[in-house]
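The values are calculated or read from the model by the stated rules, or taken from the named source; none is laboratory data. Model, not experiment: these values are computed from the prediction. Note that each Cβ is placed from the backbone with ideal geometry, even for glycine, and that neighbours are counted across all protein chains shown. Ligands, DNA and RNA are excluded from the accessible area calculation, which covers all protein heavy atoms including side chains. Shrake-Rupley method; radii C 1.70, N 1.55, O 1.52, S 1.80 Å.
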Amino acid sequence: MERIVLTHLRQLVDSKMDPLQFAYRPGIGVDDAVIYLLHRSLSHLESTGSTVRVMFFDFSSAFNTIQPSLLRGKMEGAGVDCHLAAWTTDYLTNRLQYVRLRDCESDVVVCSAGAPQGTVLSPFLFTLYISDFSHNSDSCHIQKFSDDTAIVGRVSEGNELEYREVITNFVAWKASHIAPVNIQGLDIEILEEYKYLGVHLNNKLDWTHNTDALYKKGQSRLHLLRRLRSFGVCRSLLRTFYDSVVASVIFYAVVCWSCGSSERDRKRLNKLVRRAGSVLDCSLDSIEEVGERRMLAKLTSIMDTPSHPLHDTVGALSSSFSSRLLHPQCKRERYRRSFIPTAVRLFNMHNT
């Protein structure tokens, strides 16, 4: 029943959803959110006297924060029929909850806030609930991945007025919709490194911290692969374990960092790949090979998805004389080695 309702709701409110919400959308995910943040930041840093400030917000127990009465007004404002909005509100109110452990049951509690965890509708209702607060200008934007929110300020000549105003407005919105927020100076933590959607970003926008994290995880998973081989597990199962457990760690978000990481970082991760290959007694694709293949696939996906936040950016690089893409102007090597310039070069090489 929820799937039927979800399909109907998507058709009704799709045009009202925040275009910079990267979660729960077909063909768009973590890689796209990181790529978008880095592209907006690195392209801005091409200008002299420019800086980028990013503030990360993470909702605590996000789905539990939905207030059905506010959600109903948002649904009707987005064009949902009043009867369906009322049905959804009724679905979220007066829910009975209890805990059962074998033959013991706790007291029943009536819950009229939030959305049930693990259901089909909950993620969509939450993104609809927070979609009305959005901002996207040349100097500042808000991007979301479910409850992970990043406010990115592109500051020129020290003028960060818009960035501060957006933060103030966001905090006021959050206080009225979810919970009071206190971000006095002592409560804002300035970090040299932050783990955003599983990817480690630092204040230099290089990939040293991310490589360290991937290498450490990859080593621990590789140890498990060796142990399995010592137990006599067949090669096909070992390869399945490598693809699902080891490679999934080593190549996590590789499309975001493979082009911009240093040669030293790539060598470290390729060493893990070669070690895994020796355990499996076969040759495995390197960081460069997997990265290039996935970058081309991601660029093609962006070009084929009109709702993707970078679709127009890539579309503006189309050439009127050939099937090639125009390479963006790059003053600094850091931007030249980022996703879009690198993916454009790969795309043109394969189309030549």
- CD proxy at 222 nm, helix term only [per DSSP H run n ≥ 4: -39500 (n - 2.57); per residue of the chain; nearest 500]: -15000 deg cm²/dmol
- Item | Gaussian network model of the chain, Cα within-10 Å springs - most flexible of HIS223, HIS44, HIS135 | HIS223
- Query: Any idea how far apart ASN351 and SER307 come out in nm if each label point goes 7 Å out from Cα toward Cβ?
  - Reply: 2.5
- Relative to the Cα centre, what is the charge dipole magnitude of the range 110-217, using +1 at the beta carbon of each Lys and Arg, -1 at the beta carbon of each Asp and Glu, and rounding to the nearest 20 debye? 400
- Given the pairs LYS271/LYS298; LYS217/LYS267; LYS74/LYS174; LYS195/LYS217; LYS144/LYS216, which are separated by over 19 angstrom at their Cα positions? LYS271/LYS298; LYS144/LYS216
- Message: Take ASN203 and ASN169, extend 7 Å from each Cα along the Cα→Cβ direction, and tell me the distance between the two endpoints in nm.
- Response: 2.8
- Compute the FRET efficiency between SER278 and GLU193 as 1/(1 + (r/R0)^6), taking r as their Cβ-Cβ distance and R0 = 41 Å, and round to the nearest 0.05. 0.80
- Any chance you could look up the accessible area of SER47 with a 1.4 Å probe, heavy atoms only, rounded to 10 Å²? 60
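Let me spell out the model: positive unit charges on the Cβ of Lys and Arg, negative unit charges on the Cβ of Asp and Glu, origin at the Cα centre of the chain. What dipole size does that give, in debye rounded to 20?
Working: 42 positive and 38 negative charges, 348 e Å.
Charge dipole of the chain: 1660 debye, to the nearest 20.
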- Cα gyration tensor, the chain - rounded (a/c under 1.5), prolate or oblate: oblate
- Tell me, what is the percent relative contact order of the chain, built from C-alpha pairs under 8 Å that lie six or more residues apart? 18
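Keeping all protein chains in place and using 1.4 angstrom, which order do THR88, THR240, THR119 fall into by accessible surface area, from largest down? All intermediate terms of the calculation are to be shown ahead of the outcome.
Numbers: THR88 0, THR240 80, THR119 35 Å².
Sorted descending by solvent-accessible area, the residues read THR240, THR119, THR88.
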- Note on the structure: With every protein chain in place, the accessible area of VAL54 for a 1.4 Å probe, in Å² rounded to the nearest 10, comes to 50
- Note on the structure: Here the FRET efficiency for ARG293 versus LYS16, based on Cβ atoms and R0 = 30 Å and rounded to 0.05, is 0.25
- Query: Okay, which of the range 111-139 sit inside 18 Å, backbone N to the point 7 Å along the Cα-Cβ direction of GLU162?
  - Reply: 133-139
- Per residue value of the accessible surface for the range 206-351 (all protein chains in place, 1.4 Å probe), Å²: 54
